[in-house]
Amino acid sequence: MNRLKVLLGTTALVGAGLAATVPSPVSAATVSPGGALDLTLTGFMGFRAHGGDLSNARLNKNIADGLDFSNDTEVHVVARGRHDATGIEYGATVEFEADTNRTDNTDETWIFVRGTFGEFRFGDEDGAVDNSAVGGFTVAAGTGGIDGSIVDVIATGVVKPFNSGDNTKIRYYTPNFGGFSVGASYTPNAQGGDQLALKNVDPQDFFEGALVYNGEVGGVGILASVVGGYCRIENAADDDCYNYGGGAVVNLFGFRLGGGIFTQNFAGQEKDFFNVGVGAALGPVNLSVTYGQVLDSDDLVVNGNAVDEPMNLVVSADIALMPGLVLAGDVGYFDNDVDNGPNKGDDDGVQAVTRLRLAF
């Protein structure tokens, strides 16, 4: 990192020397050389091996079920600074997608400003629902259990309600007051990045909120939240677009116990679902069991299949082999509970993933 700063500083000095010999337009803006912000280069590289009844899980017979390999790689550029006069912290994060088949060049890109007033983020970043939802998935080991890699995918999500994703938004969180904080976000449209919005792209005007508690009650550690969102739909006969729910995790006798329940309605496709999980550390190994299921669904159709109460059960483990190097794995059993469609009677099975991941 020091070498990076030296190179940047040297380049800036050389550039300044060249600029001194070339006349500049009077109206040209001046950008000072770097040095005001601390720059960090970080990220991760993950190699995965996976297989199982993947086509049944996704209700897509075109998906291969055999052993396959894949990568998951990101490089993050993190800029951080502090304004001495006011104590305000500020900076930006750019997360570059580095896998060879990715067509999007970045994942999340945002600027933040933080002080006694709380924290604002501006850019492509998770909204309040995705960022603050708590449930059984929160305690997962491995690649994340029902919210992890590969084995998390079944006919319909059983982890968090639909949300604004990484689409461009403004997000705000209050300071922590006695363990409580409040978050809110606004996403004008369902597109992200640097493009102008197209007309009538759903969802629109997505407002999300969260109330979070992170503290102790009677010596027991508790993380809990209530989240909800409301958006606008223009291109469907049913314009309902909302979600809400809540969950908690408690640390008790060396175990982490979590659960959550959520409701969502997107253009008339409504479902209620829950998830639970338990996690623990056995020496250097982290273990967990996580489970999610739809309780009730209304007109929920996936790839021509009418599904009723899909479920996903995942057993997970991980172990740190060396500093920054972690071996993780998940094995899941699912049942998409297809009432009618091309996958009826061929809608359940087992899938597994193993990941070797290096964080740097």
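Throughout, read-outs are computed from the coordinates displayed, never taken from laboratory work. This structure is a prediction, so every number in the text was calculated from the model and none was measured. Cβ sites come from the backbone with ideal geometry, for glycine too, and all protein chains shown count toward neighbours.
How do K271, K344 line up, fewest other C-beta atoms within 10 Å first? Don't skip to the end; give the middle numbers.
On the way: K271 26, K344 12.
Ascending Cβ contact count within 10 Å gives the list K344, K271.
Highest mean first, what order results for 64-75, 112-123 on Cβ atoms within 10 Å?
Working: 64-75: 13.4, 112-123: 15.7.
Ranked by mean Cβ neighbours within 10 Å, highest first: 112-123, 64-75.
Find, among the trypsin sites (Lys or Arg not before Pro) in segment 171-246, those assigned to loop by DSSP (not H, G, I, E, B) with at most 13 other beta-carbon atoms within 10 angstrom. Walk me through the intermediate numbers first.
Numbers: sites: R171, K199, R232; in loops: K199.
The qualifying sites are K199.
Quick one: in segment 267-360, what % of C-alpha pairs are over 23 Å apart? Intermediate results must be reported in sequence, preceding the final value.
Details: 1836 of 4371 pairs.
I get 42 percent for the Cα pairs in segment 267-360 exceeding 23 Å.
Relative contact order of the chain: what whole-number percent is it, with Cα pairs under 8 angstrom and at least 6 residues apart? Walk me through the numbers before you get to the answer.
Numbers: 978 pairs, mean separation 57.8, N = 360.
Worked out over the chain, it gives 16 percent.
Considering the Cα positions of segment 210-339, please state its Rg to one decimal place and its Dmax as a whole number of Å.
Radius of gyration, then largest Cα-Cα span, for segment 210-339: 18.3, 55 Å.
For helix 2-21, what angle does its Cα long axis make with the longest principal axis of the chain, in degrees from 0 to 90 and rounded to 10?
The two axes meet at around 40 degrees.
Give me S181, S316 sorted ascending by neighbouring Cβ count inside 10 Å, so fewest comes first. Walk me through the intermediate numbers first.
Numbers: S181 19, S316 27.
Arranged by neighbour count, lowest to highest, S181, S316 become S181, S316.
Neighbour counts of other C-beta atoms within 10 Å: give me L327, L54, L321 arranged from fewest to most.
Details: L327 15, L54 20, L321 12.
Neighbour counts put them in this order, fewest first: L321, L327, L54.
Less than 11 Å Cβ to Cβ from V314, Lys/Arg counted +1 and Asp/Glu -1: what total charge do the surrounding residues give?
Numbers: positive: none; negative: D147, D152, D330.
Taking every other residue near V314 into account, the sum is -3.
Using just the C-alpha positions of segment 67-136 as equal point scatterers, what log10 of I(q)/I(0) does the Debye formula give at each q in 0.21, 0.24, 0.25 1/Å?
-0.99, -1.08, -1.10
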